[in-house]
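Please read the structure below before turning to the comments.
The values are calculated or read from the model by the stated rules, or taken from the named source; none is laboratory data. From a predicted model like this one, the values you see are computed outputs, not experimental measurements. Heads up, the Cβs are rebuilt from the backbone with ideal geometry, glycines too, and the neighbour counts pull from every protein chain shown. Ligands, DNA and RNA are excluded from the accessible area calculation, which covers all protein heavy atoms including side chains. Shrake-Rupley method; radii C 1.70, N 1.55, O 1.52, S 1.80 Å.
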Amino acid sequence: MAKEKTNGDSNNGKESKEKQNTNTPEKKSFFKDERVRFTIGLFTLLLSIYITIAFVSYLFTWKVDQSFEWQNLFSGSDIRVKNWTGKLGASISAQFMHHWFGVSSLAFPLIFAVFGLKLLKLYSGKIWKLTFKVVVGVVLFSLITGFLFGTAHGFLGSGLGG
């Protein structure tokens, strides 16, 4: 009889724990919360738009924005940039377009846009496969344009290939 009581008690203990677990709401992961996903997705989408505007503006204003020292860009309030997105956009676009990847940098906002759309649940494709293809394409296009056009007589500072 004692054994039956122990088995019954242990089963009752398990059942009561299960009831407690079902009555308390499950704690969601921080990134699985819909509000967080929406906020980060919207921020990433807006960031892609901002970077696109900065890169397109750099195509038109690169010569003027190259005329000052980049070290003093953020410390000097007297420095004015012509980039449509301000000092931060001028700095980002100069880094990507002049120093790194050239005109193929225009594909990077696509990656951010896809990440944002994925977080907003508006894109259902495979994000890592697309990201890999875009990054490989950016690097190859940068190398090819750098090889074919060289410095392009100083266009965009260091040429189309960055």
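Show me the helices (runs of 4 or more DSSP H) found entirely inside the stretch 1-97 where at least 2 residues are modelled with pLDDT of 60 or more and of a type in the set (Asp, Glu).
Output list reads 34-65.
Any idea which residue in the stretch 99-110 is modelled with the lowest pLDDT, counting only those that are open to solvent by 40 Å² or more (accessible area, probe 1.4 Å) and of a type outside the set (Phe, Trp, Tyr)?
Step by step, filter the stretch 99-110, then rank; the result is HIS99.
For the stretch 116-131, which residues satisfy the criterion of being under 23 Å from ILE49 (Cβ atoms) and open to solvent by 60 Å² or more (accessible area, probe 1.4 Å)?
Answer for the stretch 116-131, where residues must be under 23 Å from ILE49 (Cβ atoms) and open to solvent by 60 Å² or more (accessible area, probe 1.4 Å): LYS118, LYS121, LEU122, TYR123, SER124, TRP128.
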